[in-house]
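The values are calculated or read from the model by the stated rules, or taken from the named source; none is laboratory data. Not measured: the values here are computed from a predicted model. A quick note on method: Cβ atoms are made from the backbone with ideal geometry, for glycine too, and the neighbour counts reach across all protein chains shown.
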Amino acid sequence: MSPVPTERNAAGEVLSIHGLSKAYGGIPALRDVSFSLAAGEIRAICGENGAGKSTFVKMLMGIITPDAGTIAVNGTAAVIRDVRHAQALGLGLVAQELSLAPHLSIFDNIWLGSAEVPLLHRTAALRERAARAMAMLGVADWSLDQRVAALSLGQRQIVEIARLLARDAKVLILDEPTATLSDIEIARLMTVLRAVRDQGRSVIYISHRLGEVFDLCDSVTVLRNGEHAVTGKVASFTRESLIEAMLGRSLQDMYPPKAGPSHHIGGLRVKDLNVPGTFTDISIEAPRGQIVCIAGQIGSGATAVTRALAGLIEDASGDVSVDGRALRLGWVRDAVAEDIMFITDDRASEGVFLALSVLDNAVATRLSDYSHGGLISRPQLRQIGARLARQVGIAERHLHAQARTLSGGNQQKLVFARAVERTRPGVLLMNEPTRGIDVGARADIYRLMRSFCEAGYALIMTSSDLEEVVGMADVVYTMYRGQMVARYAGDAIAMPRILRDIAHPDASREAAA
Amino acid sequence: MSEAQNMLWTTLPAAAERLSGIRAWAASRRAAARGGTVAGLVALLAVIALFTPGAFAGPAILSFLTSISFIGCVAIGMTLITISGNMMSFSLGATTAGSALVYVAALNHYGFWFAVVFALAFGALMSVAQGALIALARANPIIVSISTAVLFYGAAQPATKGDTFYPSVAQPDWIQAQLLGIPAAFVAFVGVLLLGQALLTFTAFGRRIFLVGNSVPAARAAGLNVPLTLLGVYAWAGLFAAVAGLMLATHYNRGSIDFGTGYDYSAIAAVLVGGTPLSGGEGSAWRTFAGVLIIGAVQVLLLLHGFRQEWQYLITGIIVLAVIVLNTRGRG
C-alpha cells in the first residue's frame, strides 16, 4: 500500500478516510469505507457486532494495517505504523479495557509511555500540562498524586481521557465507554465529552446504547457487514430508523410471531431463588410454550438467575420445580436429568469446544445415548451429528471443521443443537443468546427459539438488548441490582417501562403507584 | 512427508536471507500440521541411522524395540493425561517402579496371576488417588504428581530397605518368549498402544477426554461428568504405567525402586514430539507412538555412537524444547 496524496480538505476537517479495506484470510472485515470528521464534532459509530467497528478503530490506531485505502489526519495522508505514531498524529483511543497502571499516581499514568517524556517526567511543565488537562475535564480538584487504584471505573476513564488531552490528542476514540459504568458516571462522562468538543477537539464514540448516541452525538455513521451503510446528522434519525440502518432490514422481519394460546402444560416454577451476594428472592414462572425474558443491566443478577437454575452456582437456594418435580440446585447433572439445558453468554470458554470438530460438539452431550456398553459407532455418530447440525441450520460441509473456524452465529447454533431431538421437550436457559452474532444468524436463532417454544419447551433468556427483549418475550421480568422489579406480559411489554425498570426502578415504582 | 522435507530443505536458506521468510516458514509449518515436525525428524534420524554401523543389525533392533516398549507404555498413559487437559504427570515413573516391586513381592507369596492383578491394581489406584485430588479438589495436576512421586520414593525407600526384590518362584515361560521374533515387551506395548487409541476413538469415555481436555467450563456447563472422566484418565494412565512395571520386572527378573527413573521425562518428550499439544483436547496415541520411535531412536543412535547416558538427556531435552518452540510459534 502506498500513501496516495489526497487533495486538501475543507477547512476544519481533522480526519479524512478513503476506501479503507481489510480482509482476514480472504474474509472481508471492512470494505471500502470512507469517513470524514470535522473539528469539534462528536461522531457515533454504530453497527452490529461484526460490522467492522473494531477493525476500523484498530486501523486508525495503527494496530492493524489496512489492505487498501488512505487515512489523512489534518489534511496530510499518513500510513499509521503503530499506536505511538497514531498518538503523535493526534489520535487517541480509550479502549474497553482501560490501560492504566493501578499502583501509580494519576500524574504518572498521564505520562506513562509517552514519546515526548524524557527519562524523568517530574518536570513542572509536564505537571502543568497534566493539571490543565484535568481542568479541561472539570476535575481540577482531583489530586494528581492520587493512586489510580483508589478511583472508580468511571473516574479511571476520565483519567484516560485526560491522558489523551495532555498529549494533545485532536481526535478521541472511545470504544464502548459506558458498558461498565453506573448511571451517574455515564452522566459525568457525557459532560466531560461535551467539554472536549467545546475545546474544538473531535470525538469518535462507539456504542451499542442508542440513548447515548441521541443524547451526546452530533452525527452518526452506521457500519453494516463491514461496509459503510449511512452517515447523517443524529437529528435526521429516529430510534427505529437507526436500528433498521444497522440491521439492514425492517424490525418486523427480525422477530417471528409471538406465542399464541398454549396447549402445553407444566413448565419451570421458581420460588424465592437466592444466591448470596448476587440476587435475592427471585420468583419466576416459565410455562412451556413461552419465552420468558429476564431483562437487566450488567450487575443486575439476571444472568446469575439462569446459571443458578442450570445448577452452575453451588450456593444457590430456593424452591425450583419442573412440571411439579422438585429440582436440586447446585448440580448441573440434576438439571440435565430434567432436560434443563444452559446456553452461556461466554460462548468461547463455556459454550463450544473450540478445538474440536463441529461433529464432536454436536454429539458432545449425547455420547451416552448413542453408545453400547461404552462403545460408540463412529458412522452412527457421524450420521446423528450431521442430522443435528442440519436441524439447527449448519451445512454438512462444516461437519469436520474445527468449531473455532465457524462464525459466532454458527457456533451458537451448534450449542443449540444440544436442545433438538430430545425424547421430551426440555427447558432452555439462555444468557444473551445473540451476543456477538450477525444479523442473519440472529434471525435464524430467533426462529429456532420459537420452534422450541412450539415443541413445548420452556425458554428463559436474559438479555441486555431491549430490542430483543421486546421482540421475543411473551413474558418479561425486570431486574435491578439483585432484585426483581416487575413482570410484564403481552401488550404490557414495552421498551420505555422496561428501560426505566432496569435503570431507575424507583421512578417506575412511583409511576406504578 | 515430502512436503515437510521440501519445506525444511528449500525454505531454510531463504529464511536465513530474510526475516520475513522465517515468519512465512513458521506459518506454513503450522498449516502443514504437526506431522511435519515428526516427518522431518524421522527422515533426519533415518539418514543418521544409515551412517551408523550396527544400527540395522538384529540385536540392535531387538534391543531398540524392547527399550522403547517400557517408555512407550508410560507415554500412552501420559497421552491420555495430556489430552485431558492436565498437561503431564511426574509420578508415572514412580508408578512403574511401584508396580514392579508389588509384582515381585506378590509373586513370591501369591503366585503369578495374583501378582499381575495386584501390580495393575496398585498402578491404577496410585494414579486414581491423584486423579481424585485433581478432579474433586481441583488441585494443580503437576504439583500433585510431583508430590506423589516424592511421597512414593520417601515411603518406598524404608519399605524396601533399599533392597532390590528378586522373584523366588518360577514365572511362566511365555513372558520372555518372542512372537515371530518380536520381543514380548514390544507385543505388550503394541497392545497398550492399540487399547489406548481404541479408548480415545471408539468409546464415549474417550470422546469425553477430548471434550473435558478442550474446555472444563464448557464440559461442566454441558452437564458432562468431568470428575468421572478425569478419574478414568488417571486410572488408565496408572494401569499402563503398571504394565511397564510388569514388563521391566519380568524382563530383568527383579523389582527395583530405580525402575522407571527418567521415564516421566522421556514419556513427556514422546508425547510432545509426537505432536499432542499441552493445551489439551487434541492428540492421539498414534502421534505418541511416532514420538516414542523418535525419542527411542535418538537414544539408541547416541548409544551406538558411544555417547554416554548424560548426552541422551541433553539431546532429548534439546529436541523437546525445539518441538515446543516450533509448535507454539505464532499461536500465542
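Okay, here's what the table says:
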quantity	calculated
Hey, residue B:91 modelled with pLDDT of 80 or more, more than 19 Å from residue B:304 (Cβ to Cβ) and of a type in the set (S, T, N, Q) or not	yes
Segment A:65-97, residues that are surrounded by 18 or more Cβ atoms within 10 Å (Cβ to Cβ) and part of a loop (DSSP other than H, G, I, E, B)	A:66, A:80, A:90
Residue among A:194, A:188 that alone is at pLDDT 90 or above and in a helix (DSSP H, G or I)	A:194
Test: residue in segment A:362-370 that is in contact with a strand residue (DSSP E or B) (Cβ under 9 Å, 6 or more places away or on another chain), closer than 26 Å to residue A:410 by Cβ, modelled with pLDDT of 95 or more and among the hydroxyl-bearing types (Ser, Thr, Tyr)	no
Evaluation of residue A:138 against (1) surrounded by 18 or more Cβ atoms within 10 Å (Cβ to Cβ); (2) small (Gly, Ala, Ser); (3) assigned to a loop (DSSP other than H, G, I, E, B) (one fails), failing number	(1)
Every residue from segment B:280-289 that is surrounded by fewer than 21 Cβ atoms within 10 Å (Cβ to Cβ) and small (Gly, Ala, Ser)	B:284
Counted residues, segment A:333-377 - those being facing chain B (nearest Cβ under 9 Å), in a loop (DSSP other than H, G, I, E, B) and either over 19 Å from residue B:209 (Cα atoms) or in contact (Cβ under 8 Å) with a residue 40 or more places away in the chain (or both)	7
Strands (runs of 3 or more DSSP E) (entirely within segment A:257-321) containing at least 2 residues that are of a type in the set (Lys, Arg) and in the same structural domain as residue A:496 (by TED's automatic domain parsing)	A:267-275
Residue check for residue A:117: surrounded by 20 or more Cβ atoms within 10 Å (Cβ to Cβ) and among the β-branched types (Val, Ile, Thr)	no
Residues that are part of a loop (DSSP other than H, G, I, E, B) and either modelled with pLDDT of 95 or more or surrounded by fewer than 24 Cβ atoms within 10 Å (Cβ to Cβ) (or both), drawn from segment B:242-279	B:253, B:254, B:256, B:257, B:258, B:261, B:262, B:275, B:277, B:278, B:279
Counted residues, segment B:183-213 - those being facing another protein chain (nearest Cβ under 7 Å) and either hydroxyl-bearing (Ser, Thr, Tyr) or in contact with an Asp or Glu (Cβ under 6 Å, 6 or more places away or on another chain) (or both)	1
Any pair with Cβ under 7 angstrom, 6 or more apart, that starts in segment B:214-239 at a residue that is more than 15 Å from residue A:346 (Cβ to Cβ) and within 9 Å of chain A (Cβ to nearest Cβ) and ends at one that is among the basic types (Lys, Arg) and crowded, with 23+ Cβ neighbours inside 10 Å	B:224/B:208
Complete set of residues in segment A:239-263 that are of a type outside the set (Gly, Ala, Ser), surrounded by 15 or more Cβ atoms within 10 Å (Cβ to Cβ) and in contact (Cβ under 8 Å) with a residue 24 or more places away in the chain	A:242, A:243, A:246, A:247, A:254, A:255, A:256, A:258
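Results for (1) in contact with a Ser or Thr (Cβ under 7 Å, 6 or more places away or on another chain); (2) more than 14 Å from chain B (Cβ to nearest Cβ); (3) at pLDDT 95 or above, shown as yes or no for each residue.
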{"position": "A:270", "(1), (2), (3)": "yes, yes, yes"}
{"position": "A:278", "(1), (2), (3)": "no, yes, no"}
{"position": "A:291", "(1), (2), (3)": "no, yes, yes"}
{"position": "A:302", "(1), (2), (3)": "yes, yes, no"}
{"position": "A:308", "(1), (2), (3)": "no, no, yes"}
{"position": "A:320", "(1), (2), (3)": "no, yes, yes"}
{"position": "A:331", "(1), (2), (3)": "no, no, no"}
